[in-house]
Amino acid sequence: MKPIYFLIFIAAITIFFIVELFSPFLKAIFVALLLAVATNSLTIFLENRLKSRTISSIIMTITLGAIFFIPVMYCIFSLANFFNHVDQQALIKGFDNIKFWVENISDDFLFLKEQLNQILAKVNAGEVVQKMLSLGAYLGKNSATFMIDMVMILIFFFFFTLYSNGLSTYVKELLPIKNDDSITLFYESSNVMTVVLYSVLVTAIFEGFLFGFFLTFYKYDGLLLGVLYGFASLVPVIGGVIMWVPIVIYEGTTGSITNAIVIAIYSILMISIFADTFAKPVIIKYINQKIVKTPTKVNEILIFFAIVAGLSTFGFWGMIIGPAMVTFFISIMHLLKTYTEDYKEDISYYKKDIS
């Protein structure tokens, strides 16, 4: 047996046991690695300005924690506190108000009235209250788990960022392809992930600010609703709807029809149309041209399905894992196409030489 085959065999066995050893942290490691790759350009920018890799890595880690950790934990604790102190009688009374409002809908909208009555007939207000209370307990119970996961992601992210140059060089040397091709593979994936991550974050923060700031004028917790809207906007197509529609219904059933109409119009025109339809492409274009080293063309439909699949399969962090897996696969296919074309050219030259 050749030494190389023996070493590959031993390495495969070792990798298997390493995966088993670190299995509880694999998701955190994978997410941290993707975040480090996606933020690599910004890290290099800070390093060039600060002349220190350590300081730039610390700043990036703190920034990442401020963007993800603090808002998520604020939402979890706020919602857990809300559900644990929910007024059951007020909820039942609100449900009765909705039924009364539906019953008084004009017969000109008979079809809508019948459909709403069928839906309300299947809703048990008491069960809804109990589920809300159990949801509060669930959030409180799992907040500690999420906090641990987030801390582990930040720790791994810091070390991946700090030693990114050495790690990337080592991996490139291990790959059985040309050095230029390995660099291309890395930068194509990194550029697309950077565009996706930055555009998603900037859009979510922008839309969350627009929604939360506006609702503070109606005595709502603007910070909480803004953060929730930002996370909801990560869900393509229907993201923002799941936030503003319940608030519009609540305002309508409590007698504030004018408030409900204004909130609905603002959410549709200012956020859904202006921010999501016009501002988001501008944000993507700016990031693509000004931040990433090599501009890349992002197929929004493909990214849409990647985010949806990622969220449904991996949960919250699927918004990063999904697009990363898809873009990495596409980069490999492009590289494979290049190698296939080179192989065909070599075969044709070889046949000519024989003839």
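The values are calculated or read from the model by the stated rules, or taken from the named source; none is laboratory data. What you see is a predicted model, and the numbers here were worked out from it, not measured in a lab. Cβ: placed from backbone, ideal geometry, glycine included. Neighbour counts: every protein chain shown.
Is there a residue being at pLDDT below 75 and either surrounded by fewer than 20 Cβ atoms within 10 Å (Cβ to Cβ) or under 20 Å from the mean Cα position of the chain (by Cα) (or both) anywhere in region 261-271? So that I can check it myself, show each step before the final result.
Here is the first cut: in region 261-271, the ones at pLDDT below 75 are none.
Scanning region 261-271 turns up no residue that is at pLDDT below 75 and either surrounded by fewer than 20 Cβ atoms within 10 Å (Cβ to Cβ) or under 20 Å from the mean Cα position of the chain (by Cα) (or both).
Scan region 13-68 for residues that are free of Cβ contacts under 8 Å to residues at least 24 places away in the same chain and outside any helix (DSSP H, G or I) and report the count.
3
Residue by residue, here is whether (1) at pLDDT 75 or above; (2) touching a helix residue (DSSP H, G or I) at 6+ places or on another chain (Cβ under 9 Å); (3) buried (at least 20 other Cβ atoms within 10 Å of the Cβ) holds:
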| position | (1), (2), (3) |
| --- | --- |
| PHE209 | yes, yes, no |
| GLY212 | yes, yes, yes |
| LEU215 | yes, yes, yes |
| TYR218 | yes, yes, no |
| ASP221 | yes, yes, no |
| LEU234 | no, yes, no |
| VAL245 | yes, yes, no |
| ILE249 | yes, yes, no |
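Name every residue in region 55-70 that is within 17 Å of LEU34 (Cα to Cα) and small (Gly, Ala, Ser), in order of residue number.
Within region 55-70, SER57, GLY65 meet the criteria.
For PRO281, are the conditions met, namely being assigned to a loop (DSSP other than H, G, I, E, B) and either modelled with pLDDT under 75 or in contact with a strand residue (DSSP E or B) (Cβ under 7 Å, 6 or more places away or on another chain) (or both)? Let's see the steps before the verdict.
On the way: assigned to a loop (DSSP other than H, G, I, E, B): no; either modelled with pLDDT under 75 or in contact with a strand residue (DSSP E or B) (Cβ under 7 Å, 6 or more places away or on another chain) (or both): yes.
No; evaluated as a whole, the condition is false for this residue.
Can we say SER78 is at pLDDT 70 or above, assigned to a helix (DSSP H, G or I) and closer than 15 Å to THR161 by Cβ?
Numbers: at pLDDT 70 or above: yes; assigned to a helix (DSSP H, G or I): yes; closer than 15 Å to THR161 by Cβ: no.
No.
With respect to THR63, determine if the residue is hydroxyl-bearing (Ser, Thr, Tyr), surrounded by fewer than 18 Cβ atoms within 10 Å (Cβ to Cβ) and modelled with pLDDT of 70 or more.
On the way: hydroxyl-bearing (Ser, Thr, Tyr): yes; surrounded by fewer than 18 Cβ atoms within 10 Å (Cβ to Cβ): yes; modelled with pLDDT of 70 or more: yes.
So THR63 fits the description; yes.
Out of ALA144, ALA204, report the one residue that is small (Gly, Ala, Ser) and at pLDDT below 75. Talk me through it step by step, then tell me what you get.
Numbers: ALA204 fails: at pLDDT below 75.
Matching residue, one of ALA144, ALA204: ALA144.
Which one is nearest to the chain's Cα centre (by Cα) among residues in region 96-109 that are at pLDDT 70 or above and among the hydrophobic types (A, V, I, L, M, F, W, C)?
This residue is ILE98.
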